[in-house]
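What follows is calculated from the coordinates using simple rules that are stated; it is not laboratory data. What you see is a predicted model, and the numbers here were worked out from it, not measured in a lab. With ideal geometry, Cβ positions are generated from the backbone for all residues, glycine too; neighbour counts draw on all protein chains shown.
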Amino acid sequence: MKKEICIEFATEFPLIIVLNDDVTDDTILKDANLTNNDLLISLTESDELNLITATYAKKIGIIRSIALIRHNINYLSMSAYLGIDSIISTTESTVETVLSKLRGKNISSIHSIFGGTKEVYEYYVEKDTPVCNKRLSDINMKGRGIIAAINTSNSKQIIPDGNYILKEGDNVLVSVGCDSAKFIQKLFIKGIK
């Protein structure tokens, strides 16, 4: 990571330790006394170095580690075997950002899962959304999607049953097969035909 970015990051988040050095020199991590920290995030330009650093962090006692993957998404499946807690994939993040722009305005987020065969949408229910003020059991999704969870308009997280009535301001997580995305969008986004 460039030094200027590290300085900006350290200024923005003064309670974290930001290192801009050669992490292959293990004295750097020891000198920074990182073993007393809860989390290490490795954000270098090298996918391999990020994986190694995040794995090493776990071995020296850091509770959680995260690695940035920029180039080789095949490393995503390896991370679980290396003990890394989480992977940030710029490729997947970019894809999800583009998809959310394409899918509609009241989608808060979208995540592609299971190798791109399924998507999870977070819809924001607006007053003119077709499903607003409808009981879940009355919304015919024709087996093409599952409402997995709702963050209600009063900030209560629930796994709903069929009696729940969607309200304006609810955030709804919907799991959808990619081939059914358009059908589900018609239910949750105003004006899609």
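If you place +1 on the Cβ of every Lys and Arg and -1 on the Cβ of every Asp and Glu, how big does the dipole about the Cα centre of the range 104-188 come out, in debye to the nearest 20? Present the calculation step by step, with values, prior to reporting the outcome.
Values: 11 positive and 9 negative charges, 31 e Å.
It comes to approximately 140 debye.
Could you tell me which residue out of Ser155, Tyr121, Leu136 lies farthest along the dipole of the range 104-188 toward its positive end? Charges go on the beta carbon: Lys and Arg +1, Asp and Glu -1, centred on the Cα centre.
Projecting each Cα onto the dipole axis, the largest value belongs to Leu136.
Pop out the ³J(HN,Hα) list for the range 121-135 in order, Karplus 6.51 cos²θ - 1.76 cosθ + 1.60 with θ = phi - 60°, rounded to Hz; leave Gly and Pro as x.
Result, ordered by residue: 9, 10, 8, 9, 7, 9, 5, 9, 5, x, 8, 4, 6, 10, 6 Hz.
Normalising by the residue count of the range 3-91, find the relative contact order in percent from Cα pairs under 8 Å and 6+ residues apart.
Numbers: 120 pairs, mean separation 19.0, N = 89.
After rounding, I find 21 percent.
Go through Lys3/Lys59; Lys118/Lys182; Lys2/Lys30; Lys118/Lys186 and tell me which ones have a Cα-Cα distance over 24 Å in this structure. Please list the in-between numbers first.
Working: Lys3/Lys59 27 Å; Lys118/Lys182 13 Å; Lys2/Lys30 22 Å; Lys118/Lys186 17 Å.
Over 24 Å Cα-Cα: Lys3/Lys59.
How big is the charge dipole of the range 3-91 about its Cα centre, in debye rounded to the nearest 20, if each Lys and Arg gets +1 on its Cβ and each Asp and Glu gets -1 on its Cβ?
360
So what's the convex hull volume per residue for the Cα atoms of the range 104-188, in Å³?
Cα convex hull per residue, to the nearest whole number: 88 Å³.
Check Lys134: other-chain or 5+ apart residues with amide H under 5 Å from its amide H, H built from backbone geometry?
Distant-sequence amide H within range of Lys134: Leu166.
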